[in-house]
Amino acid sequence: MSAIYPVILCGGAGTRLWPASRPDRPKQFLKLLGGHSSFQETLLRVRDLAEGHETLVVTGAGMADFVRRQAAEIDVPVIVLIEPEARDSAPAIAAAAAYVQGRDPQGVALMLAADHHVGEPDLFRAAARVAATAAEQGLIVTFGVRPTGPATGFGYIRPGAAVGAVFRVAAFVEKPDLDTARRYVEEGYLWNSGNFAFLASTLMAEFERFEPSIAEGARAALAEAVVTPGEIRLDAAGFSRAAKISLDYAVMERTDKAVVVPATFSWSDLGAWDAIWDASVRDGDDNALQGDVVLLDSNNVLIHSTGPFVGAIGVSDLVIVAEPDAVLVCRRDNAQAVKTLVDGLKARGSDLVKRHVRSLSGGVERQILTTSDAATVALWRLEAGAHATLPAGTVQLLQGQVSGAGLSLATGDQSQLAAETQITAVVAATVLITTWL
């Protein structure tokens, strides 16, 4: 049997899970269902399938630090393939396929989204091996999930004739309205999970057939990539030559090689807060609680808090999400409308859409404490050895020791910086920074 090379696509912002998920820390890196993020769950799910070689993770430069940290946290080796820009899924997948093909011309790429939840990992691995066997025959396999109800938030697959343990894809269909979704469920349609298995050579040949610029751009970006241990930075000029299009439109809806393996595992794309409630462990009153929360005389409620205490009494069918800088309250059956709320905040130019008040990157956690017309006050926590660029302003070291060009601060020291200054934490350090506006 051909070797399986897991490839995890780690992009997207997950706006329907605002205020927890934002572009600076999207949903795949949040621990919404327990001790692991969905990205970490995906890594653990494919670890045995990888048979000792690294999992390839495709992401943008801004997410690479999260990828490395979360993979190291669970001791799963990865290679980070960094896109120079977001160009939809087809160019990213083509670059990953070109990498797998170069490493192993007979290698099967198992292409998975980083932000999905699978309830039974063993059943997933069994389905993945069935998919890999079909992929060896030159087929492009997608995973179809048996619907648990008439969901309107997913695309569907109409399965056709059997080909061994898989089925030809008779049609891909877009997200339906409720009446159409009910009919799809009655007629045996499957949810389109957006996960795939294929010989890298097969997919690249289909790109050459339907979208040659994608195959050419991916190979050029890989040929001129900057390669360091554990990381491949694709060449921007080559990558920009690839058409900006999804894999579905580029290949899946045009190829005659598409088949579907029906999945027996429970699955969710965790697309909105009602999906988080559905996938969560719940108490006897069907409440799912995470964080500093007390709930009385209530049922069918999801509360997720990473900051303030949340208390609720006598409520039902609600979603309550509390972050240090924002609180969301909505009916659970209206969770899809969170995107409308986010769009409104975008129109107002609100930073609440873009970033958390507390962010982590490169071993530095940054937290804005207060902002006025005159100044912004922030607290930075640096891991030992972390590098950072301090802004011009007033800097006071509350704990630890940092040093840089012409600057050395120990606990209690204060300095007025006339310009940006690069520093390194000699030991773990906490810095209070006042930037004057």
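Between A197, A181, which is more than 21 Å from A135 (Cα to Cα), out of contact with any Asp or Glu (no Cβ under 7 Å at 6 or more places or on another chain), of a type outside the set (D, E, K, R) and surrounded by 19 or more Cβ atoms within 10 Å (Cβ to Cβ)? Steps first, please.
Working: A197 fails: more than 21 Å from A135 (Cα to Cα).
When all the criteria are applied, what remains is A181.
Given the conditions (1) touching a helix residue (DSSP H, G or I) at 6+ places or on another chain (Cβ under 8 Å); (2) crowded, with 22+ Cβ neighbours inside 10 Å, and given that V260 satisfies all but one, which numbered condition is not satisfied?
Among (1) touching a helix residue (DSSP H, G or I) at 6+ places or on another chain (Cβ under 8 Å); (2) crowded, with 22+ Cβ neighbours inside 10 Å, the lone unmet condition for V260 is (1).
Can you tell me which residue is farthest from A97 (Cα to Cα) among those in the range 48-71 that are in contact with a strand residue (DSSP E or B) (Cβ under 6 Å, 6 or more places away or on another chain) and among the small types (G, A, S)?
Only one residue tops the list, namely A71.
Exactly one condition in (1) more than 24 Å from G34 (Cα to Cα); (2) surrounded by fewer than 16 Cβ atoms within 10 Å (Cβ to Cβ) is not met by V342; state its number.
(2)
Consider V364 against the criteria (1) buried (at least 17 other Cβ atoms within 10 Å of the Cβ); (2) among the β-branched types (V, I, T); (3) within 30 Å of A170 (Cβ to Cβ): it satisfies all of them except one. Which criterion is unmet?
All conditions are met except number (3).
Name the one entry in E216, E187 that is in the same structural domain as L56 (by TED's automatic domain parsing), over 21 Å from A131 (Cα atoms) and buried (at least 16 other Cβ atoms within 10 Å of the Cβ). Show your work before the answer.
Details: E187 fails: buried (at least 16 other Cβ atoms within 10 Å of the Cβ).
None of the other options fit; the residue is E216.
So which residues in the range 48-84 are farther than 22 Å from L270 by Cβ, in a strand (DSSP E or B) and in contact with a Lys or Arg (Cβ under 8 Å, 6 or more places away or on another chain)?
Answer for the range 48-84, where residues must be farther than 22 Å from L270 by Cβ, in a strand (DSSP E or B) and in contact with a Lys or Arg (Cβ under 8 Å, 6 or more places away or on another chain): V80, I82.
Given the range 325-391, what strands (runs of 3 or more DSSP E) lie entirely inside it while holding 2 or more residues that are under 30 Å from A425 (Cβ atoms) and over 25 Å from the mean Cα position of the chain (by Cα)?
364-371, 375-382, 387-390
Quick one: which residue in A135, A114, A96 is at pLDDT 95 or above, closer than 29 Å to G238 by Cβ and touching a helix residue (DSSP H, G or I) at 6+ places or on another chain (Cβ under 6 Å)?
A114
Tell me, yes or no, whether the range 11-27 has at least one residue that is crowded, with 22+ Cβ neighbours inside 10 Å, closer than 30 Å to R103 by Cα, hydrophobic (A, V, I, L, M, F, W, C) and assigned by TED's automatic domain parsing to the domain that holds D122.
no
For the range 294-309, enumerate the residues that are aliphatic (A, V, I, L, M) and either in contact with a Lys or Arg (Cβ under 6 Å, 6 or more places away or on another chain) or surrounded by 19 or more Cβ atoms within 10 Å (Cβ to Cβ) (or both).
L295, V301, L302, I303
Go over the candidates L247, L318, L289 one by one and state the one that is among the hydrophobic types (A, V, I, L, M, F, W, C) and more than 24 Å from the chain's Cα centre (by Cα).
When all the criteria are applied, what remains is L318.
Are any of the residues in the range 419-427 more than 38 Å from the chain's Cα centre (by Cα), more than 23 Å from T370 (Cβ to Cβ) and modelled with pLDDT under 95?
no
How many residues does the range 392-415 hold that are assigned to a loop (DSSP other than H, G, I, E, B), free of Cβ contacts under 8 Å to residues at least 40 places away in the same chain and hydrophobic (A, V, I, L, M, F, W, C)?
First, the residues of the range 392-415 that are assigned to a loop (DSSP other than H, G, I, E, B): 392, 405-406, 411-413.
If we keep only those that are free of Cβ contacts under 8 Å to residues at least 40 places away in the same chain too, we end up with 405-406, 411-413.
Now narrow it down to the ones that are hydrophobic (A, V, I, L, M, F, W, C): 405.
Residues meeting the conditions: 1.
Might you let me know whether the range 293-309 holds any residue that is free of Cβ contacts under 8 Å to residues at least 24 places away in the same chain and assigned by TED's automatic domain parsing to the domain that holds S201?
no
Conditions: (1) assigned by TED's automatic domain parsing to the domain that holds D115; (2) surrounded by 15 or more Cβ atoms within 10 Å (Cβ to Cβ); (3) in a loop (DSSP other than H, G, I, E, B). D286 meets all but one. Number of the miss?
Failed condition: (1).
I'd like to know if the range 107-123 contains one or more residues that are within 27 Å of G230 (Cβ to Cβ) and more than 19 Å from the chain's Cα centre (by Cα).
Yes; the residues of the range 107-123 include at least one that is within 27 Å of G230 (Cβ to Cβ) and more than 19 Å from the chain's Cα centre (by Cα).
Out of the strands (runs of 3 or more DSSP E) lying entirely within the range 164-267, which hold 1 or more residues that are under 25 Å from A3 (Cα atoms) and either modelled with pLDDT under 95 or basic (K, R) (or both)?
It comes to 166-173, 190-199, 231-233, 258-263.
Which one of R16, R87, R45 is touching a strand residue (DSSP E or B) at 6+ places or on another chain (Cβ under 9 Å) and either of a type outside the set (G, A, S) or not in a helix (DSSP H, G or I) (or both)?
Of the residues listed, the single one that is touching a strand residue (DSSP E or B) at 6+ places or on another chain (Cβ under 9 Å) and either of a type outside the set (G, A, S) or not in a helix (DSSP H, G or I) (or both) is R45.
Given the criteria in contact (Cβ under 8 Å) with a residue 12 or more places away in the chain, out of contact with any strand residue (DSSP E or B) (no Cβ under 7 Å at 6 or more places or on another chain) and of a type outside the set (F, W, Y), does E120 qualify?
Values: in contact (Cβ under 8 Å) with a residue 12 or more places away in the chain: yes; out of contact with any strand residue (DSSP E or B) (no Cβ under 7 Å at 6 or more places or on another chain): yes; of a type outside the set (F, W, Y): yes.
Yes.
The values are calculated or read from the model by the stated rules, or taken from the named source; none is laboratory data. Owing to the predicted nature of the structure, the values given are computational and were not obtained by experimental measurement. Note that each Cβ is placed from the backbone with ideal geometry, even for glycine, and that neighbours are counted across all protein chains shown.
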